[in-house]
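Chemist: What follows is a structure written as structure tokens; I'll ask about it next.
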Amino acid sequence: MADTGLDKSLVPAHRYPGRLARMWDSDFVFNFRKSPIAIVAAVVTLVLILSAIFAPWIAPHEPFNPATWDIMSGNSRPMVPNEFTGKVFLMGTDEQGRDIFSTILYGMRISLFIGFSAVIFAMILGITLGLLAGYVGGWTETIIMRMADIQLTLPSILVAMLIFGVAKTLIPFEYQDRVTMWVLILAIGLSDWVQFARVVRGTTLVEKNKEYVQAARLIGRGPGAIMLYHILPNVLNPVLVIATISLALAIIAEATLSFLGVGMSPTQPSLGTLISQGQQYLLSGDWWILVFPAATLLALALSVNLLGDWLRDALNPRLR
Amino acid sequence: MFRTLLAATTALTLIGSAQAETFRWASTTDPQTMDPHAVNSAPVLGFLNNVYEGLVRRDRDMVIEPALAVEWRSFPVESQSAEHGWRFVLRQGVTFHDGSAFTAEDVLFSYERASSEDADTASWFGSVTDVEIKDDYTIDFITNGPNPIFPDSIANWMIMDSDWAAANGTERPSRDTENFATINTNGTGAFRVTERSPGIETVLEPFDNWWGEPEHNITRAVFSPIPNSATAVAALLSGEVEMINPIPVQDAERAAARDGVKVIQGIEARVIMLGFPHDHEALKFGDNAGDPNPFADLRVRQAVAHAVNVPAILQIVMRGTAEPASQLVSPAMRGYSEANAARPEFNPDRAKELLAEAGYPDGFSFGLKCPNDRYLNDASVCQAIVGMLARVGITAELNAMPVRNYWPELRADNFDMYLLGWSPGTFDAEHPIRFLAATPNTEKKLGSWNFGGYSNARVDELLPMIQTELDEAKRQQMLDETATILNDDVAYVPMYVQPLLWGVTENVTLTQRPDNFFILRWVTVN
């Protein structure tokens, strides 16, 4: 500012608020501030994501390192000193003496990683195909959109199971454990791209006849550049909403697959695997092995979903 | 309208009374075959004991009693030749489920079938050199020497109809592939299989022409495998099934406290142990795959024995229901070696020293194979072992799988270490030596479950001597010597004797046999 030669003291401070302050006053943030549900959901999501990221520093021990298991502390109840070792565990321990709190933190890492990656994969695939279908039209559009329609008739969890099953038979047995995570991302991502493609195609159809696109065409920009630099930024708002809701769905899809035993293995458990393991103890009174991972999954999926809902309303001009 | 209602009510009442005598039970696994000679494992033989019968059978206390044979005696008796063997006099008027008559021909055929190369039961007949039919109801088994426990060792050898097998092209059993006898049955037992959907449901009904006097009151019995233990408990508590075997260790206490459900607990004859790849050249799994096999070194095996904290497994994973084991058989078995009653102590420091001495101060990584639906809490026990081994620096990559994939994997030698449970069918200490410790030899029918290929010349020498020794004291001495060799060699790491835990609804009375066989003809539903 100094090089503009303006005397700062002459400019009333409140008229030119800073970038942050302007954001604070924007419609978007105003809307957020007025929605207690959105605030709670955002806080819960943030806390969960941060604790997953910082799990190695937060967790009392490393649950996937067998050398740290203390079997004598096994079956401890939450917050009750263990009868043999006297140790106290926030959320109890399982049969191997693994601290449930730590397994949840590490399990959530895997769940979130798979969820985010699957959504990003689905998003890239869906946007690309949606843009192509919408902008190019003709046969390309027909093929892509009929494929999408066919896939929509099948429940996405079935599609994911199908892809997972095929991949498992193609991959040699000894590599399976190492690639399971990537197969899951592929399976969930492939089962989820349709939403993105449909929305992007719809918006593209509207946008491509607007003046700015025609102008871009007139000055000789190629179709690729027009799609990428002109249309894409204008279709991102609805994509953001779908992505958020898809994240919740992807986390649940991963948990479902792992719960059914076709996902992450017990040696690398995600939240779904932990729930499926804990379910073995449902009737035996060791409730904490099931309840805490399940509650975490619920909190995570619910808060992301609520955020997505709020985002959809906030970004929809018709609802303002 | 009223009439329809009445008819409906009557129909409902009829269904209700019919269901009262239908007995439903569940277990974690389905018997993998219906062929009594194809797989020598308790789930198969235990189930088929209701359908097929042997010459002799075991009563509620495991004592041998007549079944298809009414009497038997060993020879030579003074007047006869110097040949050793056993003569069986067969029961007359017995028919198979398809109506054909039972004669000595069927016994001879079943002997040939059960001792053939494809049979898993061949080792029961290791000492038999010849079988001679004397007449339709008399048959001699000639043995290569005195064999005092021969009748005990064939209590699970079941007789199949020779004509039925020939007509259906199933003269030989097949272990891992299907043939007619793996899904169809034709025995002489008290129950016949009326429907068989592998992995889903098997329906049995009493056989009307059975030779014995029925003690049960079942008109229909339905077995279904329920792999998920929590589901099985829920099915028991809701009355959907009348019996589950096993009731999970973690549920036993609470289930027993519930009205309408009881838990029948006993100590099974089954010893759970770790097996080693004695004859492997190299490791097959983990980061060190391809490296020379460290378990060939006695010190490494000793280190494993010292690293495994058996008391902790019993206390936490088995929740106090199991007993420690120091040898291949439990103390309740005949021929148990008192001299070998002490387990290697849990001593991780000693284990680390031994590993360092053997040249593995930084440990190594290998693959541990485990079943996850065969023994009580098997996968949990293996996970606990992974943790214990990690503490002394060796990394086990655990691969737990359903039992239907597990045995083929072990037979294909795909392991670096494995979990095995062994219950001696004869209730005698000789049994595991023959199956698990003798050098594998298909011709002599020895070592058929010795997956790791453990081999010790002295053990091989002692086994036939034990089998033919009539003097109890001398026999025990040789059994003691074998047990000492096996423990000194750390051929296996015996860990604990598994408990029997059956969950049963209050209205059912039944008998729990220590070999974990569930015998339907001892069941009464009130």
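The values are calculated or read from the model by the stated rules, or taken from the named source; none is laboratory data. Predicted model only: the values in this text are computed from it and were never measured. Counting neighbours? That spans all protein chains shown, and the Cβs are built from the backbone with ideal geometry, glycine included.
Chemist: Would the range B:453-466 turn up any residue that is modelled with pLDDT under 95, buried (at least 21 other Cβ atoms within 10 Å of the Cβ) and in contact with a Lys or Arg (Cβ under 7 Å, 6 or more places away or on another chain)?
Modeler: yes
Chemist: For the subset of the range B:291-330 comprising residues that are within 14 Å of chain A (Cβ to nearest Cβ) and either touching a Lys or Arg at 6+ places or on another chain (Cβ under 8 Å) or polar (S, T, N, Q) (or both), which member is farthest from residue B:393 (Cα to Cα)?
Modeler: The extreme case among them is B:321.
Chemist: A follow-up question, please. Might you let me know whether the range A:93-103 holds any residue that is more than 14 Å from every other protein chain (Cβ to nearest Cβ) and either over 30 Å from residue B:364 (Cβ atoms) or in a loop (DSSP other than H, G, I, E, B) (or both)?
Modeler: Yes: the range A:93-103 contains one or more residues that are more than 14 Å from every other protein chain (Cβ to nearest Cβ) and either over 30 Å from residue B:364 (Cβ atoms) or in a loop (DSSP other than H, G, I, E, B) (or both).
Chemist: Of all residues in the range B:375-431, which are in contact with a Gly (Cβ under 6 Å, 6 or more places away or on another chain), hydrophobic (A, V, I, L, M, F, W, C) and farther than 18 Å from residue B:450 by Cα?
Modeler: Within the range B:375-431, just B:394 meets the criteria.
Chemist: Find the residue count for the range A:252-295, including only residues that are within 10 Å of chain B (Cβ to nearest Cβ), surrounded by fewer than 21 Cβ atoms within 10 Å (Cβ to Cβ) and part of a loop (DSSP other than H, G, I, E, B).
Modeler: Adding up the residues that qualify gives 6.
Chemist: State the number of residues belonging to the range B:194-250 that are without any contact (Cβ under 8 Å) to a residue 24 or more places away in the chain and facing another protein chain (nearest Cβ under 10 Å).
Modeler: 4
Chemist: Go over the candidates B:110, B:100, B:74 one by one and state the one that is at pLDDT 90 or above, surrounded by fewer than 22 Cβ atoms within 10 Å (Cβ to Cβ), touching a helix residue (DSSP H, G or I) at 6+ places or on another chain (Cβ under 9 Å) and of a type in the set (Ser, Thr, Tyr). Walk me through it before giving the result.
Modeler: On the way: B:110 fails: surrounded by fewer than 22 Cβ atoms within 10 Å (Cβ to Cβ); B:74 fails: at pLDDT 90 or above.
None of the other options fit; the residue is B:100.
Chemist: Could you tell me whether any residue of the range B:55-76 is under 15 Å from the mean Cα position of the chain (by Cα), without any contact (Cβ under 8 Å) to a residue 40 or more places away in the chain and not in a loop (DSSP other than H, G, I, E, B)?
Modeler: Going through the range B:55-76, the residues under 15 Å from the mean Cα position of the chain (by Cα) turn out to be B:58, B:62.
When the remaining residues are screened for being without any contact (Cβ under 8 Å) to a residue 40 or more places away in the chain, the result is none.
Looking through the range B:55-76, none of the residues is under 15 Å from the mean Cα position of the chain (by Cα), without any contact (Cβ under 8 Å) to a residue 40 or more places away in the chain and not in a loop (DSSP other than H, G, I, E, B).
Chemist: Find the residue count for the range B:159-181, including only residues that are of a type outside the set (A, V, I, L, M), within 21 Å of the chain's Cα centre (by Cα) and surrounded by 22 or more Cβ atoms within 10 Å (Cβ to Cβ).
Modeler: Within the range B:159-181, residues that are of a type outside the set (A, V, I, L, M), within 21 Å of the chain's Cα centre (by Cα) and surrounded by 22 or more Cβ atoms within 10 Å (Cβ to Cβ) number 1.
Chemist: Can you go through B:444, B:474 and tell me which one is farther than 30 Å from residue B:315 by Cα, charged (D, E, K, R) and in contact (Cβ under 8 Å) with a residue 24 or more places away in the chain?
Modeler: Values: B:474 fails: in contact (Cβ under 8 Å) with a residue 24 or more places away in the chain.
From the options B:444, B:474, the qualifying one is B:444.
Chemist: Scan the range B:366-413 for residues that are within 17 Å of residue A:280 (Cα to Cα) and not hydrophobic (A, V, I, L, M, F, W, C) and jot them down.
Modeler: B:371, B:372, B:373, B:374, B:375, B:377, B:378, B:380, B:383, B:402, listed by residue number.
Chemist: Okay, moving on. What's the number of the condition residue B:160 fails, among (1) under 18 Å from residue B:37 (Cα atoms); (2) modelled with pLDDT under 90; (3) aliphatic (A, V, I, L, M)?
Modeler: Result: residue B:160 fails condition (2) only.
Chemist: On the given criteria, is residue B:350 in the same structural domain as residue B:423 (by TED's automatic domain parsing), modelled with pLDDT of 95 or more and over 30 Å from residue B:477 (Cβ atoms)? Steps first, answer last, please.
Modeler: Values: in the same structural domain as residue B:423 (by TED's automatic domain parsing): yes; modelled with pLDDT of 95 or more: yes; over 30 Å from residue B:477 (Cβ atoms): yes.
Yes, satisfied.
Chemist: Looking at the range A:307-314, is at least one residue at pLDDT below 90, charged (D, E, K, R) and part of a loop (DSSP other than H, G, I, E, B)?
Modeler: No, the conditions are met nowhere in the range A:307-314.
Chemist: Would you point out which residue out of A:236, A:205 is over 23 Å from residue A:63 (Cβ atoms), in contact (Cβ under 8 Å) with a residue 40 or more places away in the chain and either in a loop (DSSP other than H, G, I, E, B) or away from chain B (no Cβ under 14 Å) (or both)? Working first, answer last.
Modeler: On the way: A:236 fails: in contact (Cβ under 8 Å) with a residue 40 or more places away in the chain.
Being over 23 Å from residue A:63 (Cβ atoms), in contact (Cβ under 8 Å) with a residue 40 or more places away in the chain and either in a loop (DSSP other than H, G, I, E, B) or away from chain B (no Cβ under 14 Å) (or both) holds for just one of A:236, A:205, which is A:205.
Chemist: Okay, moving on. Could you check how many residues of the range B:332-358 are in a loop (DSSP other than H, G, I, E, B) and touching a residue at least 24 places away in the same chain (Cβ under 8 Å)?
Modeler: Going through the range B:332-358 one residue at a time, the tally reaches 11.
Chemist: Among the numbered criteria (1) closer than 30 Å to residue B:514 by Cβ; (2) within 14 Å of another protein chain (Cβ to nearest Cβ); (3) within 28 Å of the chain's Cα centre (by Cα), which single criterion is violated by residue B:346?
Modeler: Residue B:346 satisfies all of (1) closer than 30 Å to residue B:514 by Cβ; (2) within 14 Å of another protein chain (Cβ to nearest Cβ); (3) within 28 Å of the chain's Cα centre (by Cα) except (3).
Chemist: For the range B:430-439, does any single residue satisfy the condition of being without any contact (Cβ under 8 Å) to a residue 60 or more places away in the chain and within 30 Å of residue B:351 (Cα to Cα)?
Modeler: Keep residues of the range B:430-439 that are without any contact (Cβ under 8 Å) to a residue 60 or more places away in the chain, which gives B:438-439.
Next cut, within 30 Å of residue B:351 (Cα to Cα) only: B:438-439.
So far as the range B:430-439 goes, yes, one or more of its residues are without any contact (Cβ under 8 Å) to a residue 60 or more places away in the chain and within 30 Å of residue B:351 (Cα to Cα).
Chemist: If you don't mind, another one. Among the numbered conditions (1) in a helix (DSSP H, G or I); (2) at pLDDT below 95, tell me where residue B:511 comes up short.
Modeler: (1)
Chemist: Can you name every one of the strands (runs of 3 or more DSSP E) wholly within the range B:200-260 that holds 3 or more residues which are among the hydroxyl-bearing types (Ser, Thr, Tyr) and either outside the structural domain of residue B:52 (by TED's automatic domain parsing) or over 30 Å from residue A:278 (Cβ atoms) (or both)?
Modeler: Numbers: elements: B:201-206, B:220-225, B:243-245.
Because the criterion is at least 3 residues that are among the hydroxyl-bearing types (Ser, Thr, Tyr) and either outside the structural domain of residue B:52 (by TED's automatic domain parsing) or over 30 Å from residue A:278 (Cβ atoms) (or both), no strands (runs of 3 or more DSSP E) in the range B:200-260 meet it.
Chemist: Let me ask something else about it. Taking residue A:156 and the conditions (1) surrounded by 17 or more Cβ atoms within 10 Å (Cβ to Cβ); (2) among the polar types (S, T, N, Q); (3) free of Cβ contacts under 8 Å to residues at least 12 places away in the same chain; (4) away from every other protein chain (no Cβ under 14 Å), which numbered condition does it fall short on, given that it satisfies the others?
Modeler: For residue A:156, the failing item is (3).
Chemist: Here's something else I'd like to know. Identify, from the list B:474, B:445, the residue that is basic (Lys, Arg) and surrounded by 19 or more Cβ atoms within 10 Å (Cβ to Cβ).
Modeler: Values: B:474 fails: surrounded by 19 or more Cβ atoms within 10 Å (Cβ to Cβ).
Only one candidate passes the filter, namely B:445.
Chemist: If a residue has to be within 30 Å of residue A:55 (Cα to Cα) and aromatic (Phe, Trp, Tyr) to count, how many in the range A:111-150 make the cut?
Modeler: Residues meeting the conditions: 3.
For (1) touching a strand residue (DSSP E or B) at 6+ places or on another chain (Cβ under 9 Å); (2) in a loop (DSSP other than H, G, I, E, B); (3) not basic (Lys, Arg), each residue gets a yes or a no:
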{"residue": "B:409", "(1), (2), (3)": "yes, no, yes"}
{"residue": "B:418", "(1), (2), (3)": "yes, no, yes"}
{"residue": "B:421", "(1), (2), (3)": "yes, no, yes"}
{"residue": "B:433", "(1), (2), (3)": "no, no, yes"}
{"residue": "B:451", "(1), (2), (3)": "yes, yes, yes"}
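Chemist: Here's another thing I want to ask about it. Only residues that are crowded, with 21+ Cβ neighbours inside 10 Å, at pLDDT 90 or above and within 13 Å of chain A (Cβ to nearest Cβ): list them for the range B:387-414, please.
Modeler: B:387, B:388, B:389, B:392, B:394, B:396
Chemist: Restricted to the range B:255-290, and to residues that are within 14 Å of chain A (Cβ to nearest Cβ) and among the small types (Gly, Ala, Ser), which residue is farthest from residue B:243 (Cα to Cα)?
Modeler: The residue in question is B:290.
Chemist: Tally the residues that are small (Gly, Ala, Ser) and surrounded by fewer than 22 Cβ atoms within 10 Å (Cβ to Cβ), restricting the search to the range B:144-158. Spell out the reasoning first.
Modeler: First, the residues of the range B:144-158 that are small (Gly, Ala, Ser): B:145, B:153, B:155.
Okay, now just the ones that are also surrounded by fewer than 22 Cβ atoms within 10 Å (Cβ to Cβ), so B:145.
Residues that pass the stated criteria total 1.
Chemist: Is it true that some residue in the range B:271-281 is surrounded by fewer than 16 Cβ atoms within 10 Å (Cβ to Cβ) and assigned by TED's automatic domain parsing to the domain that holds residue B:374?
Modeler: Checked against the condition, which is being surrounded by fewer than 16 Cβ atoms within 10 Å (Cβ to Cβ) and assigned by TED's automatic domain parsing to the domain that holds residue B:374, the range B:271-281 yields at least one hit.
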